[in-house]
Amino acid sequence: MASDTEAAIRRLTEEVRALRDRQEILDCINRYGRGLDRLDPDLIAGTFHSDAIDNHGPFVGDVPAFVKFAIEVEGQLQWTHHGISSHNCEITGDTAHAESYVHWFVRMPDGKTVGAGGGRYLDRLERRDGQWKVALRRLLMDWTFEVPFTSWLGTDWDNVKGSRDRHDPSYARPLELPRELPRRG
């Protein structure tokens, strides 16, 4: 009886560890997109181990060079939104291989055009000192297009924008309402 209980606890412990690993890996990948959207070099760099290599299209290099490259590219755009959808992850011990579908929408520098794209991050992640981070990343581009920008919701929505830095409300703790809320009617 005791061995059955011990075996059940061991299986549950292994399942919880696997679920926790998967969530920590997905959190790491999501932090990267947030770092790009907020132009936050610390968030971007923090998703990679210090000796990681990134292969983003024409760029192949180490983390400091990649962070500089990413901030320069993303900083030319008025707004960016990166999102992860299908996320597949295979974990073996302290190494994981993940394929994460990424889609992005950007407002081009001219302010009149929205660019969109989709691709996949192919990542090798490693758990070092208890933290999952990317050791090797490769971006595959699957599609892109551009469309004209319009304020189809109306100009009232222009007043509820965030910012592309640490002043964005997403960094605020605790989150609070703005001092002045728009009045209706």
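The values are calculated or read from the model by the stated rules, or taken from the named source; none is laboratory data. Given the structure is predicted, the values throughout are model-derived calculations rather than measurements. Every residue, glycine among them, receives a Cβ derived from its backbone with ideal geometry; neighbour counts consider all protein chains shown.
Is it the case that some residue within the range 171-181 is part of a loop (DSSP other than H, G, I, E, B), surrounded by 10 or more Cβ atoms within 10 Å (Cβ to Cβ), among the charged types (D, E, K, R) and within 24 Å of the chain's Cα centre (by Cα)? Within the range 171-181 (the criterion being part of a loop (DSSP other than H, G, I, E, B), surrounded by 10 or more Cβ atoms within 10 Å (Cβ to Cβ), among the charged types (D, E, K, R) and within 24 Å of the chain's Cα centre (by Cα)), the answer is no, since none of the residues qualifies.
For the structure I just gave you, tell me whether VAL134 is of a type outside the set (Gly, Ala, Ser), in contact with a Phe, Trp or Tyr (Cβ under 9 Å, 6 or more places away or on another chain), buried (at least 17 other Cβ atoms within 10 Å of the Cβ) and closer than 16 Å to GLU74 by Cα. No; evaluated as a whole, the condition is false for this residue. For the range 42-68, the candidate set comprises residues that are of a type in the set (A, V, I, L, M, F, W, C) and within 30 Å of ASP158 (Cα to Cα); within that set, the residue that is surrounded by the fewest Cβ atoms within 10 Å (Cβ to Cβ) is LEU43. Among residues of the range 171-183 being hydrophobic (A, V, I, L, M, F, W, C) and modelled with pLDDT under 85, the one that is farthest from ARG34 (Cα to Cα) is LEU181. Quickly run through the range 69-82 and pick out the residues that are within 18 Å of GLY46 (Cα to Cα) and loosely packed, with under 14 Cβ neighbours inside 10 Å. GLU72 - this is the single residue of the range 69-82 that is within 18 Å of GLY46 (Cα to Cα) and loosely packed, with under 14 Cβ neighbours inside 10 Å.
Tallying residues that are in a strand (DSSP E or B) and either touching a Lys or Arg at 6+ places or on another chain (Cβ under 8 Å) or surrounded by 14 or more Cβ atoms within 10 Å (Cβ to Cβ) (or both) within the range 89-117 yields 20. Of all the residues in the range 118-168, those that are out of contact with any strand residue (DSSP E or B) (no Cβ under 7 Å at 6 or more places or on another chain), over 22 Å from LEU26 (Cα atoms) and not basic (Lys, Arg) number 16. Quick one: which of TYR101, TYR121 is over 21 Å from VAL160 (Cα atoms), under 13 Å from the mean Cα position of the chain (by Cα) and touching a residue at least 60 places away in the same chain (Cβ under 8 Å)? When all the criteria are applied, what remains is TYR121. Note on the range 143-170: among residues that are at pLDDT 90 or above and more than 19 Å from the chain's Cα centre (by Cα), the one that is surrounded by the most Cβ atoms within 10 Å (Cβ to Cβ) is PHE149. Screening the range 38-67 for residues that are at pLDDT 95 or above and in a loop (DSSP other than H, G, I, E, B) and picking the one that is farthest from ASP165 (Cα to Cα) gives THR47. From the list ILE91, ILE84, the lone residue that is in contact with a helix residue (DSSP H, G or I) (Cβ under 7 Å, 6 or more places away or on another chain), over 17 Å from ARG31 (Cα atoms) and of a type in the set (A, V, I, L, M) is ILE91.
Tell me, yes or no, whether the range 5-15 has at least one residue that is closer than 23 Å to SER86 by Cβ, of a type in the set (Ser, Thr, Tyr) and part of a helix (DSSP H, G or I).
Here is the first cut: in the range 5-15, the residues closer than 23 Å to SER86 by Cβ are 15.
After this cut, where a residue has to be of a type in the set (Ser, Thr, Tyr) as well, the list is none.
Among the residues of the range 5-15, not one is closer than 23 Å to SER86 by Cβ, of a type in the set (Ser, Thr, Tyr) and part of a helix (DSSP H, G or I), which makes the answer no.
Would you check if VAL106 is modelled with pLDDT of 95 or more, more than 15 Å from TYR32 (Cα to Cα), touching a Gly at 6+ places or on another chain (Cβ under 7 Å) and of a type in the set (A, V, I, L, M, F, W, C)? Criteria met by VAL106.
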